[in-house]
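Chemist: Take a look at the following structure, please.
The values are calculated or read from the model by the stated rules, or taken from the named source; none is laboratory data. These numbers were taken from a predicted model, which means no experiment stands behind them. All Cβ positions, glycine included, derive from the backbone under ideal geometry; neighbour counts span all protein chains shown. The accessibility values were calculated without ligands, DNA or RNA, using every heavy atom of the protein model including side chains. Shrake-Rupley method; radii C 1.70, N 1.55, O 1.52, S 1.80 Å.
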Amino acid sequence: MAEGSSGSEFTLDSIRKSLIRQEDTIVFCLMERAKFPMNSALYNQSLDLVPGFSGPLVDFIVQETEAVQAKAGRYVNPEENPFFPDNLPPSLVPNYNYSQVLHTGGASININKAIWDMYLNQLLPLFVVAGDDGNYASTAASDLSCLQALSRRIHYGKFVAEIKFRDAPHDYEPPIRAKDADELMKLLTDERVEKMVKKRVEKKAIVFGQDVSGSNNADSKHYKVDPSVVARLYDEWVIPLTKRVEVEYLIRRLN
Ligand SMILES: O=C(O)C(=O)C[C@]1(C(=O)O)C=C[C@@H](O)C=C1
């Protein structure tokens, strides 16, 4: 369950606490990626930089990294979803006994393709500067940290949906049986919470991303990642994608 927790507590409150903690991770990951320029050669489909591997260098680095992490058991954890699920090696380490709170249908939900596309094509250009400093491996490692943090947060929608279902099965069962995605979307939406989330992540980008100097004349207008981009990230992508996971999970909840 929630990162670093024993899994004994499963409430909407505990799930939301984890989402709040994950905001810190996401903001710090974006700040780390912003240290590097765009380095667009990394994403170029036709450069074939690695002999014997056809595709962008970022695909090569992510696939190889995921393979190592799969062997070390990363994807046995129901909170983790790979970006390249095909041909992943099995875990080689003894299984950790993760608490199994999700309905079995939840395991098949993986919207990482949409997350990958959003991150590389829409988000990156909003917060990194143009240019090429040749640090492709470090840049890709940084991209993968961002992608994994975003993926974990968005797929946490499975846990949010499970607890919402358990808290109000009588409300959720009719639209689930009717496969009414619009009604499910309405039921699970809490606009007050969404507003708070967007405000808070913008504030985190301001607080975590300001330059800290020894004197009192810090430049409070310069942030490592534009706080409005972080608010937009949540408004346009993170929250809608989390809700998409929630609906997909609920639709399968009674199968
Ligand atoms: O906290 C919830 O209730 C969630 O479902 C999570 C979340 C979010 O992604 O932050 C998504 C939908 C709700 O409208 C509010 C917030």
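Chemist: For the list (1) farther than 16 Å from Ile26 by Cα; (2) open to solvent by 40 Å² or more (accessible area, probe 1.4 Å), I need the number of the one condition that Glu236 fails.
Modeler: Only one criterion in (1) farther than 16 Å from Ile26 by Cα; (2) open to solvent by 40 Å² or more (accessible area, probe 1.4 Å) is unmet by Glu236, namely (1).
Chemist: Need pairs with beta-carbon distance below 6 Å; first residue in contact (Cβ under 8 Å) with a residue 40 or more places away in the chain and away from the ligand (no atom under 13 Å from the Cβ) and within segment 219-248, second open to solvent by 20 Å² or more (accessible area, probe 1.4 Å) and assigned to a loop (DSSP other than H, G, I, E, B); sequence gap 6+ or separate chains.
Modeler: From residues that are in contact (Cβ under 8 Å) with a residue 40 or more places away in the chain and away from the ligand (no atom under 13 Å from the Cβ), the pairs are Lys224/Ala34; Val225/Ala34.
Chemist: If you don't mind, there's one more thing I want to ask. Failed condition for Lys204, given (1) closer than 30 Å to Gln100 by Cα; (2) open to solvent by less than 70 Å² (accessible area, probe 1.4 Å); (3) touching a residue at least 12 places away in the same chain (Cβ under 8 Å), with all others met?
Modeler: Lys204 satisfies all of (1) closer than 30 Å to Gln100 by Cα; (2) open to solvent by less than 70 Å² (accessible area, probe 1.4 Å); (3) touching a residue at least 12 places away in the same chain (Cβ under 8 Å) except (1).
Chemist: Would you say Val247 is surrounded by fewer than 16 Cβ atoms within 10 Å (Cβ to Cβ) and more than 18 Å from Cys146 (Cβ to Cβ)?
Modeler: Against the criterion (surrounded by fewer than 16 Cβ atoms within 10 Å (Cβ to Cβ) and more than 18 Å from Cys146 (Cβ to Cβ)), Val247 does not qualify.
Chemist: Another question, if that's okay. So, of the residues in segment 6-40 that are among the small types (Gly, Ala, Ser) and within 16 Å of the ligand (Cβ to nearest atom), which turns out to be nearest to Leu57 (Cα to Cα)?
Modeler: Taking segment 6-40 and keeping what is among the small types (Gly, Ala, Ser), we get 6-8, 14, 18, 34, 40.
Then drop every residue that is not within 16 Å of the ligand (Cβ to nearest atom), which leaves 14, 18.
Working: Ser14: 38, Ser18: 33 Å.
For segment 6-40, the residue satisfying everything is Ser18.
Chemist: Next up: Name the residue that is surrounded by the most Cβ atoms within 10 Å (Cβ to Cβ), counting only residues in segment 116-145 that are over 24 Å from Pro85 (Cβ atoms) and among the aliphatic types (A, V, I, L, M).
Modeler: Val128
Chemist: Right, another one. Restricting the search to segment 146-186, which residues are touching a Lys or Arg at 6+ places or on another chain (Cβ under 8 Å) and open to solvent by 20 Å² or more (accessible area, probe 1.4 Å)?
Modeler: Met185
Chemist: Do you know which residues across segment 164-202 are basic (Lys, Arg) and either at pLDDT below 95 or within 15 Å of the ligand (Cβ to nearest atom) (or both)? Spell out the reasoning first.
Modeler: Pass one, segment 164-202, residues basic (Lys, Arg): 164, 166, 177, 179, 186, 192, 195, 198-200.
Selection gives Lys164, Arg166, Lys186, Arg192, Lys195, Lys198, Lys199, Arg200.
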